[in-house]
Every structure is written in C-alpha cells, then in structure tokens.
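The values are calculated or read from the model by the stated rules, or taken from the named source; none is laboratory data. Everything numeric here is computed off the predicted structure, so don't read it as measured data. Note that we place each Cβ from the backbone using ideal geometry, even for glycine, and neighbour counts take in every protein chain shown. Just the protein is used for accessible areas: all its heavy atoms, side chains included, with ligands, DNA and RNA removed. Shrake-Rupley method; radii C 1.70, N 1.55, O 1.52, S 1.80 Å.
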Amino acid sequence: MSNQMWGGRFASGPDAIMEEINASIGFDYRLAKQDIAGSKAHVAMLAKQGIVSAADAETISKGLDEVGAEIESGAFAFSRALEDIHMNVESRLAEKIGPTAGRLHTARSRNDQVAVDFRLWVRDTIDELDGQLADLQAALVEKAEKYAEAVMPGFTHLQSAQPVTFGHHLLAYVEMIARDRGRFRDARVRLNECPLGAAALAGTSFPIDRFATAQALGFDRPTANSLDSVSDRDFALETLSAAAIAATHLSRFAEEIVLWTTPQFGFIALSDKFTTGSSIMPQKRNPDAAELVRGKSGRVIGDLAGLLIVMKGLPLAYSKDMQEDKEGCFDSLQSLSLCVAAMAGMVRDMTPKLEKMKAAAGSGYSTATDLADWLVRALNLPFRQAHHVTGRIVALASQSGKELEQLTLADMQGVEPAITSEVFNVLGVEKSVRSRLSYGGTAPQNVLEQARGWKQRLASK
C-alpha cells in the first residue's frame with residue numbers, strides 16, 4: 001500500500017527495514033504542541049492572504065485543536081507508518097475534517113515545518129531551563145547566606161591552599177550558573193527567527209506573509225534566506241553547547257559533593273532523599289544522586305558532539321541525516337533538566353559539618369600566605385623574601401608537629417628576628433578569612449553582601 005502523504009510518485013509501500021530506519025515518530029512526538037501551533041499560525045496567514053477561504057481555515061484550525069486535545073489526553077494513536085509527527089497530525093486531521101485538511105500544506109514543506117517546530121521546542125525548553133537554573137541559584141544563595149562565616153579549606157590541586165568560607169564556595173557556582181543562563185539567553189535570541197514559509201528550500205510562489213506567521217509564533221522576524229532556513233541547526237548546536245557547559249559545572253559540583261560526603265572529608269551530610277544503601281554493606285550511604293549528575297554530564301557533552309558530527313559534512317539544503325538532530329537534543333536538554341532539579345534538591349538537603357570543615361581548613365599550613373602578607377605589610381619585606389621566610393617557618397612548624405599559630409614568638413624570631421607578637425593577629429583560619437576583604441574575596445562580610453545582592457537580582461527576574 002502506498003503512503004498517501006507521498007502522493008503518486010511511489011507505487012508500493014516501504015520495506016520494513018526502510019520504515020524502521022525512516023520513522024522518527026518514536027521521538028519527535030514531543031513536537032506535537034509546537035507542530036499544531038505552527039500549523040494554526042500558517043493556516044490563519046493563508047486565510048488572511050486569500051490563499052485559502054476563511055471557512056476552510058476555521059475548519060482546519062478547529063480540527064487541529066481537536067487533534068491537539070487527543071494528543072494531550074493520551075488518546076491519540078501514533079503510527080510508525082506515517083513516519084513523523086507532521087504526517088501523524090495531518091493524517092488524523094484528514095480523518096476528522098476530510099479533504100479540506102489537504103489545504104493546510106499549501107505553501108509549506110516538511111522542511112520548514114520541522115525547522116519551525118524544532119525552534120519552538122528548543123525555545124520553550126530554554127525558558128523552562130532558565131527557571132530551573134534560577135531556582136538552583138536561589139538554593140545556593142540561601143545556603144551561602146546562612147553559612148557565610150563557616151570556614152572550610154580552599155583547594156588548589158586538591159591540596160589545602162587557603163581557608164575560605166562555605167558560603168563563598170557555594171557562591172562560586174552561583175556565578176557559573178549565571179553565565180550558563182546568559183549563554184542560554186544568547187542562544188534564544190539568535191534562534192528566535194521563523195523559518196516557516198521557506199518551504200522545501202527555495203521559498204514559494206504563493207503570496208504568503210512570513211512576517212505575520214513569525215509574529216503569531218512569537219519570533220522576532222522571519223529568517224532571511226530560504227536555503228539557510230531549512231538546512232542549518234546551529235540554533236540547536238548553540239543550545240547544546242550551553243547545555244554541555246552547564247552540565248560540566250554541575251558535574252564539578254557533583255564531584256565535590258561525592259568527596260565531601262566521604263568519611264575522609266566528612267564536610268557535609270545528605271539525607272536518605274538523595275542517597276542509597278549498599279546491597280551487602282549495611283553501613284554505606286552512597287551519594288548516588290550526585291554520581292548520576294556527574295555521569296549524565298557525559299551524555300549531554302556526547303549529544304553535542306553527535307550533532308556536530310552529523311552536520312559537519314552536509315551540503316545545502318536539507319538532507320535526511322538531519323532527522324538525527326532531535327533525539328540527541330531531546331535527550332541532552334531533558335537530562336540537564338533532571339540534573340538541575342537533582343542538584344537544587346541536594347543543595348537544600350545538605351547539612352554542613354562545621355567543626356570538621358573548620359579543622360580541615362587549618363591543616364596543611366593554609367594560613368602561610370597570611371603570614372607572608374603580614375611580613376610584607378609589617379616589615380616591608382619584598383614578597384619573594386617574605387615567601388622564603390614563611391617557607392622556613394612552615395618547615396620549622398612541620399618538624400615540630402605544630403600549626404603555625406602554635407609556634408612561639410621565639411620560634412619565629414629564630415627565622416626572622418624582626419617578627420613581633422602582632423603576627424598572631426593574622427594566624428588562624430577565622431582571622432584569615434575575615435581579612436580577605438578585596439572585592440570578590442572570601443570574607444564573611446563580602447559573602448553576605450554578595451548573597452543579599454543575588455537574592456535581590458533573582459527576585460527581580
């Protein structure tokens with residue numbers, strides 16, 4: 001039996017293997033809402049331009065609403081034989097309203113139809129992700145404000161470097177996520193042009209109004225070149241790039257949560273909501289939610305690479321290879337959405353272990369830089385000389401099995417006679433973090449100001 005949507009060119013139906021490789025309804029059903037919205041805008045424009053009658057347009061539009069309601073309710077029967085969401089919707093419309101349904105496809109092709117549907121879906125998803133990312137920022141800011149004075153070790157090379165505050169550490173991710181949101185917003189601006197009306201690749205001879213359909217669908221303008229309109233997916237690539245960077249940020253945070261929950265670190269605890277047990281070791285509490293966020297980042301990054309590889313060798317205009325654009329994009333953005341939700345939940349759920357973090361903050365002579373800075377300020381030593389003196393004092397403390405603040409004044413004067421008792425004003429982790437008042441520094445005063453500023457910004461958006 002021939003596929004009637006293809007018309008009279010093909011006498012027989014597709015082979016089973018061809019049907020299997022060709023069908024996309026298994027994943028592009030997600031475009032149903034966008035497909036119906038695009039079709040309604042298109043037929044309204046056709047009627048306004050006198051290309052179809054007002055009566056036919058009304059019949060088609062009402063029929064599309066009925067099809068949409070069936071899909072929404074779950075009553076719609078999707079058919080693999082009809083390949084994709086576009087043919088499934090149009091076929092069901094024909095069953096409902098008869099031959100009038102055939103007028104809907106005037107002055108358009110599946111090429112521009114899928115391009116507009118996909119842009120609409122990506123745009124809708126960006127808007128949803130932006131709200132989720134803002135919620136994650138809000139969770140981080142709330143925690144940062146509460147623990148603005150909680151001291152923890154700051155690391156470089158995963159070695160204790162200098163004391164910071166837990167609030168300051170969390171606000172670092174707020175800044176990263178702000179840039180993630182900016183990248184998504186930038187991608188949204190560039191994708192917000194409407195390809196509908198470009199038809200297969202060359203435009204159409206019908207007197208359509210592409211500006212009207214663009215406006216009806218919330219686009220800023222129609223795309224300017226019909227070939228480009230149907231043949232590029234850079235809007236998806238740019239969105240997936242933003243998703244990959246965001247997933248990388250989440251993965252880094254997830255890795256820290258995994259480390260922090262180990263007995264060796266013991267910086268935070270997660271409840272049963274975000275941990276699981278072991279089938280054999282009853283004492284275990286595994287940070288599975290964080291591990292899955294870390295793991296799913298690989299899928300998001302892989303989906304970007306997959307679409308880049310699909311697109312890299314395609315001549316203009318449309319090729320069937322581009323059917324591979326959607327499945328990875330759906331997977332990537334839905335995976336990211338789940339990861340953002342999980343991360344926001346973990347942030348709100350986590351309980352910091354303040355004494356353990358404070359004790360760890362003082363290990364590894366983390367206030368050595370404070371000592372060197374004091375030598376520069378108080379004794380007017382060149383920093384390189386101060387660095388050398390501090391290194392000798394650290395070596396002395398290490399040999400004695402003491403922390404820097406546990407050394408006596410005489411101990412330190414044995415290395416540098418000009419040191420006075422004032423040096424003890426800068427040693428100790430709490431004194432260290434309070435001194436870091438430079439803009440963007442870890443001082444609790446700064447953290448509170450930044451957290452409160454972010455609360456205002458997030459509340460206003």
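Based on C-alpha pairs under 8 angstrom that are at least 6 apart in sequence, the chain has a relative contact order of 17 percent.
Sorting the segments 312-324, 215-227 by their mean number of nearby beta carbons within 10 angstrom, highest to lowest, gives 215-227, 312-324.
Approximating the spin labels as points 7 Å out from Cα along Cα→Cβ, the Glu95-to-Thr420 distance works out to 9.1 nm. Amide H to amide H, with H built 1.01 Å from N, Ala269 comes under 5 Å of Thr351, Lys353, counting only residues 5 or more places away or on other chains. Taking 0.36 nm per residue of separation and subtracting the Cα-Cα distance, full extension of the segment from Ser271 to Asp220 would add 13.7 nm. Each Lys or Arg adds one and each Asp or Glu subtracts one; over the other residues with Cβ under 12 Å from the Cβ of Ala178, this totals +3.
Simple spin-label estimate for Ser337 and Ser79 gives 2.9 nm between the two label positions (7 Å along the Cα-to-Cβ direction from each Cα). Normalised by the number of residues in the stretch 363-460, the average gap of Cα pairs under 8 Å and 6 or more apart makes the relative contact order 23 percent. Restricting the trypsin sites (Lys or Arg not before Pro) of the stretch 192-295 to loop positions (DSSP other than H, G, I, E, B) with no more than 12 neighbouring Cβ atoms within 10 Å leaves Lys284. In order along the stretch 426-436, phi translates into HN-Hα couplings of 10, 8, x, 5, 5, 5, 4, 5, 5, 7, 8 Hz, rounded to whole numbers, per the Karplus curve 6.51 cos²θ - 1.76 cosθ + 1.60 with θ = phi - 60° and x for Gly and Pro.
Annotation for the stretch 325-354 versus the stretch 407-436: alpha-carbon center distance of 44 Å. Between the Cα long axis of helix 32-48 and the first principal axis of the chain there is an angle of about 50°, rounded to the nearest 10. Computed extension length for Lys312-Ile21: 102.6 nm, one decimal, from 0.36 nm per residue of separation with the Cα-Cα distance subtracted.
If R0 equals 56 Å, the separation of the Cβ atoms of Lys62 and Glu291 corresponds to a calculated FRET efficiency of about 0.65.
Sort Asp228, Asp15 by heavy-atom solvent-accessible area, probe 1.4 angstrom, most to least.
Asp15, Asp228
Take His86: with every protein chain present and a 1.4 Å probe, its accessible area is about 10 Å².
What FRET efficiency would be calculated for the residue pair Thr156, Arg457, taking the C-beta separation as r and a Förster radius of 35 Å, to the nearest 0.05?
About 0.75, to the nearest 0.05.
Spacing of the modelled spin labels on Arg179 and Thr408, each 7 Å from Cα toward Cβ, amounts to 5.0 nm.
Going by the alpha-carbon gyration tensor, a ≥ b ≥ c the square roots of its eigenvalues, is the stretch 16-103 rounded (a/c under 1.5) or, if a/c is not under 1.5, prolate (a/b greater than b/c) versus oblate? Because a/c hits 1.5 or more and a/b exceeds b/c, the stretch 16-103 counts as prolate.
On the beta carbon distance between His388 and Glu449, with R0 = 41 Å, the FRET formula returns roughly 0.70. In the context of the full set of protein chains, residues of the chain present 47 Å² of accessible surface per residue (probe radius 1.4 Å, heavy atoms only). If you fit an axis through the alpha-carbon atoms of helix 110-146 and take the longest principal axis of the Cα set of the chain, what angle between them do you get, 0 to 90°, nearest 10? Tilt of helix 110-146: around 20 degrees. Largest accessible area first, the residues Tyr147, Tyr439 order themselves as Tyr439, Tyr147 under a 1.4 Å probe with ligands, DNA and RNA left out.
Each of His168, His388, His42 has its accessible area taken with a 1.4 Å probe; listed largest first, they run His388, His168, His42. Across the stretch 456-461, coupling constants 3J(HN,Hα) worked out from phi with the 6.51/-1.76/1.60 Karplus curve, θ = phi - 60°, read 5, 5, 5, 6, 8, 10 Hz, and Gly and Pro carry x. Counting only heavy atoms of the protein chains and using a 1.4 Å probe, Ile21 has close to 130 Å² of accessible surface. Every helix of 4 or more DSSP H residues in the chain counts as -39500 (n - 2.57), and over all residues that averages to -20000 deg cm²/dmol at 222 nm. Full extension of the chain segment joining Thr262 with Phe206 gains 13.5 nm, where the gain is 0.36 nm per residue of separation less the Cα-Cα distance.
Got a number for carbon plus sulfur as a percent of the chain's accessible area, 1.4 Å probe?
Percent of accessible area from carbon and sulfur atoms in the chain: 53.
By how many degrees, between 0 and 90 and to the nearest 10, does the Cα long axis of helix 288-311 differ from the longest principal axis of the chain? Relative to the chain, helix 288-311 is tipped by roughly 50 degrees. Based on the Kirkwood approach, the hydrodynamic radius assigned to the stretch 55-182 is 19.3 Å, with every pair of different Cα atoms included. Working from the Cα coordinates of the stretch 363-460, the gyration tensor eigenvalues give, after taking √(5λ), semi-axes of 33, 14, 10 Å in decreasing order.
Could you give log10 I(q)/I(0) at q = 0.11 Å⁻¹ for the chain, computed by the Debye formula over C-alpha point scatterers of equal weight, without solvent? Each listed q maps to, in turn, -0.93.
Annotation: the antiparallel percentage among DSSP beta bridges lying fully within the chain is about 80.
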